[in-house]
Amino acid sequence: MSINRRSFLQLSAIAGGGFLLGLFPEAEAEAKVPVQGGRQGFGRQLSPQAYISIAANGIITIMAGNPEIGQGVKTMLPMLIAEELDVDWKQVRVKQAGLNPEKYGMQFTGGSFATPMNWDPLRRVGATGRHLLVLAAAQAWGVPPAECTTESGRVFHKATNKSIGYGEIAARATALPLPNPTDVKLKDPKNYKIIGHSKGGVDVPDIVTGKPIFGIDVSLPGMLYAVFQKCPVTGGSVVSANLTEIKKLPGVKNAFVIEGKEAPGGGFGGPNRVESGVAIVATNWWAAQSAREKLKVTWKEGRWGDASHSSSVFAKRAAELSIQAPARTLGHDGGEVEAALKACKTVVEGAYSYPFLAHGTLEPQNCTADYKAGKLEIWSNSQAPGSGRGMISSLLNIPEADITIHMVRAGGGFGRRFYNDFLVEAAAISKTMGAPVKLIWSREDDMAHDWYRPGGFHFLKGGVDENGKLIAWDDHFVSFGEGGRFASECALGPGFPVGLIPNYGMHTSLIPLGAKTGAMRAPGDNAYAFVIQSFIDELAHAAGKDPVAFRLELLNSPQAPAQGNPGFGGFGGGMSNGRMRDVLNLVVEKSGWGKKTLPKGTGMGVAFHFSHSGHFAEVVQLRVNAKKQVRVEHVWVAGDIGSTIVNPAAAESMVHGAIIDGLGAVMSQEITLENGRAKQTNFHEHPMVRMHQAPPVIDVYFNKTNNAPSGLGEPPLPPILPAVCNAIFAATGDRVRSLPLTKHGYDWA
């Protein structure tokens, strides 16, 4: 990221204090310095994401600029600054910044973007601070700055045996001109004391002691509580409702219709609209929820509320389209695929499919809003609060300058909280009431009105020659959309193994869809990896080759490197065959692949996938008993996310979470649409992995390479799905081509 001298900027308000320039002591007034960040990723003006203040007692406060949804950025990003500032972590206090793009640039969480976007600029923020402190101390002592060193929040001049704490010299440092951050010297990684060393999450003490730090915990004086009943079919509107009766119920303060509205724009927050529905506001949430049970609404369901908008119909239509010519070609490489397939010794065909999925964040969607005197305050756990503010402004006619958003920790996001429907609803209800209101969705709301991970269908053909070499590949991808345009997050482009085989084709046909679809952890890749790596396994067995050897042969291909989704902003480019070979070899070595004699009913499966700049390979060992009950006994994970693991303990936890998240998707999760509405209503029908179902051992290995660090939220997840299915084939001979496994009679042991 290109940063100039003015990119090292103000600190946002500390609780009980003023606005501070980085390094100003806490008594200083606001420093008015314009933000002039470099361009990065999305081509927008960016500024550093976190800033520093130093108290007289040497305590360092670092602001965390990104939303915290459980992935650890509230700890990891300040670690980057603290390392280069050269302080002890025990001296650091971390505070969550509010939404302020003028100071912090883009404040969002998603796409495994935080590490690559901030790795260089935030270290330079810390290094710039250290530079100023050294310069200030050197001037005070009348010695050359080059003779001074720093350690643990102090500046030292060894020749005169002098030292001074950062808090004692911070005021003097603020009078110095800012250097160009690109010119400041960064630490040699061998001297890191914070980066690369495990640190506990800064919020963990509050979490384990039950402190109110999540969005659902927000409480304001005089606050009311709301529920919002929407049509079960997307886009439906209210015709009539028994509002008079509802208003008479205990605790109810008001009940009213919010008309659906749409405005131009949109983005991370989804389409710029608020759905039609009935708001019930009460003195407590249970009173509002109880009143909803007596609510009677007549809905106009519109286009999507009929039998044609059902999962069973989609599957039938996909099968019909599969035998027709595709509507268009997405990717083509090499020679004529059809001719090549006819010339192959062995041709394998497979029809693969995967369902819609709900995000299932353990904390349901919620938001607290307080509208008064034309201004609005929001307490939000959105992953994209800036987009939410823009949506509220355009839909409710409140200037963005009059909307303040406080970022509150989220109990999970996984992409769901990119979509700011719950922010707009809370704001609309508070504006109507003229009072602070907390909107809480029920779990049933969450399941019925999610932005689902799209389902999809792949009709594949692959051919190997007499030497068992893969030479032809064809994929007819049936997805959702209209008029040649994919519905949200329903698109997939050519990925592995394009570029690695002589003849490749990917084509698509679309089915109209009314349900909302959106990003879920490792968007696209969370389904595509299951299809591609399962079919690769089929081809390996058809060729009579070991699945690992077959994959290595592909990765050793002299063809051009395969490409994939490197994540937002394209950090790191596409997949590197060499990096993927190395993680595959590493996981094979650690798992003992091919060197074990396994009991009957036990199998090992392998898969790899590249996404969001991360190269990951995984091996699963599982056991299947006579009742088709599955016990995942061991998972080995090898990943390459660059040269540095910023917070190792948190990184390992992220991988563990991704594996368990993926196991839920492969085993039992599914959203089935029927007449335009989701049949599943709660976790008993869309179950999470329980503790006793989790693998007893998940071994994680990182292959550190000479590449810039990349993110970790997404890339460990995709390979676990095909690795499980390939292990089931190894254990039973049953090739699973559609998810979840429960559709095929499997269940947890």
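Here are the numbers for this structure:
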| read-out | value |
| --- | --- |
| Condition met for K162 (buried (at least 16 other Cβ atoms within 10 Å of the Cβ) and at pLDDT 95 or above) | no |
| Residue identified as over 35 Å from the mean Cα position of the chain (by Cα) and either modelled with pLDDT under 95 or within 20 Å of N191 (Cα to Cα) (or both) among T149, T128 | T149 |
| Qualifying positions in the range 429-442 - farther than 22 Å from E293 by Cα and touching a helix residue (DSSP H, G or I) at 6+ places or on another chain (Cβ under 9 Å) | K431, P436 |
| Elements of type helices (runs of 4 or more DSSP H) contained in the range 49-156, each with 2 or more residues being touching a residue at least 60 places away in the same chain (Cβ under 8 Å) and closer than 25 Å to H197 by Cα | 73-85, 114-141 |
| Lone unmet requirement of (1) within 24 Å of the chain's Cα centre (by Cα); (2) buried (at least 16 other Cβ atoms within 10 Å of the Cβ); (3) not acidic (D, E) for V630 | (1) |
| Matching entry among S710, S738 (being under 20 Å from A527 (Cβ atoms) and at pLDDT 95 or above) | S738 |
| Meets criteria (touching a residue at least 40 places away in the same chain (Cβ under 8 Å), in a loop (DSSP other than H, G, I, E, B) and not assigned by TED's automatic domain parsing to the domain that holds Q289) for G222 | no |
| Residue within the range 577-591 that is over 25 Å from the mean Cα position of the chain (by Cα), modelled with pLDDT of 95 or more, surrounded by fewer than 24 Cβ atoms within 10 Å (Cβ to Cβ) and in a loop (DSSP other than H, G, I, E, B) present | no |
| Within the range 463-509, tally of residues that are among the aliphatic types (A, V, I, L, M) and in a strand (DSSP E or B) | 6 |
| Subset tally (residues that are part of a helix (DSSP H, G or I) and surrounded by fewer than 24 Cβ atoms within 10 Å (Cβ to Cβ)) for the range 426-456 | 9 |
| Restricting the range 594-610 to residues that are in a strand (DSSP E or B) and of a type outside the set (A, V, I, L, M, F, W, C), the residue that is surrounded by the most Cβ atoms within 10 Å (Cβ to Cβ) | H609 |
| Failed item, numbered, when F459 is tested on (1) crowded, with 24+ Cβ neighbours inside 10 Å; (2) of a type in the set (F, W, Y); (3) not assigned by TED's automatic domain parsing to the domain that holds V274 | (1) |
| Test: residue in the range 204-217 that is touching a residue at least 12 places away in the same chain (Cβ under 8 Å), over 28 Å from the mean Cα position of the chain (by Cα) and outside any strand (DSSP E or B) | no |
| Residue within the range 223-233 that is within 31 Å of the chain's Cα centre (by Cα), over 30 Å from D86 (Cα atoms) and loosely packed, with under 15 Cβ neighbours inside 10 Å present | no |
| Index of the failed condition, I378 passing every other in (1) under 17 Å from F418 (Cα atoms); (2) crowded, with 23+ Cβ neighbours inside 10 Å; (3) touching a residue at least 60 places away in the same chain (Cβ under 8 Å) | (3) |
| Search result, residues across the range 375-425 that are assigned to a strand (DSSP E or B) and of a type outside the set (D, E, K, R) | L376, I378, W379, S380, I403, T404, I405, H406, M407 |
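Residues are listed down the side, and each one gets a yes or a no for (1) in contact with a Gly (Cβ under 9 Å, 6 or more places away or on another chain); (2) among the polar types (S, T, N, Q); (3) at pLDDT 95 or above:
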site	(1), (2), (3)
S12	yes, yes, no
P25	yes, no, no
V35	yes, no, no
G58	yes, no, no
A64	no, no, no
A82	yes, no, yes
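For (1) of a type outside the set (K, R); (2) within 25 Å of A263 (Cβ to Cβ); (3) at pLDDT below 95, each residue gets a yes or a no:
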| site | (1), (2), (3) |
| --- | --- |
| A291 | yes, no, no |
| W299 | yes, yes, no |
| F314 | yes, no, no |
| G334 | yes, no, yes |
| A339 | yes, no, yes |
| G350 | yes, no, no |
| Q365 | yes, yes, no |
| M391 | yes, yes, no |
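This table checks each residue for (1) under 16 Å from T329 (Cβ atoms); (2) charged (D, E, K, R); (3) surrounded by fewer than 24 Cβ atoms within 10 Å (Cβ to Cβ); (4) not assigned by TED's automatic domain parsing to the domain that holds F608.
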{"position": "L470", "(1), (2), (3), (4)": "no, no, no, no"}
{"position": "D474", "(1), (2), (3), (4)": "yes, yes, yes, no"}
{"position": "V478", "(1), (2), (3), (4)": "yes, no, no, no"}
{"position": "G481", "(1), (2), (3), (4)": "yes, no, yes, no"}
{"position": "P494", "(1), (2), (3), (4)": "yes, no, yes, no"}
{"position": "L500", "(1), (2), (3), (4)": "no, no, yes, no"}
{"position": "N503", "(1), (2), (3), (4)": "yes, no, yes, no"}
{"position": "S509", "(1), (2), (3), (4)": "yes, no, yes, no"}
{"position": "P512", "(1), (2), (3), (4)": "no, no, yes, no"}
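The values are calculated or read from the model by the stated rules, or taken from the named source; none is laboratory data. As the structure is a prediction and not an experimental result, all values here were calculated from the model. Neighbour counts are summed over all protein chains in view; Cβ atoms, including those assigned to glycine, are modelled from backbone coordinates with ideal geometry.
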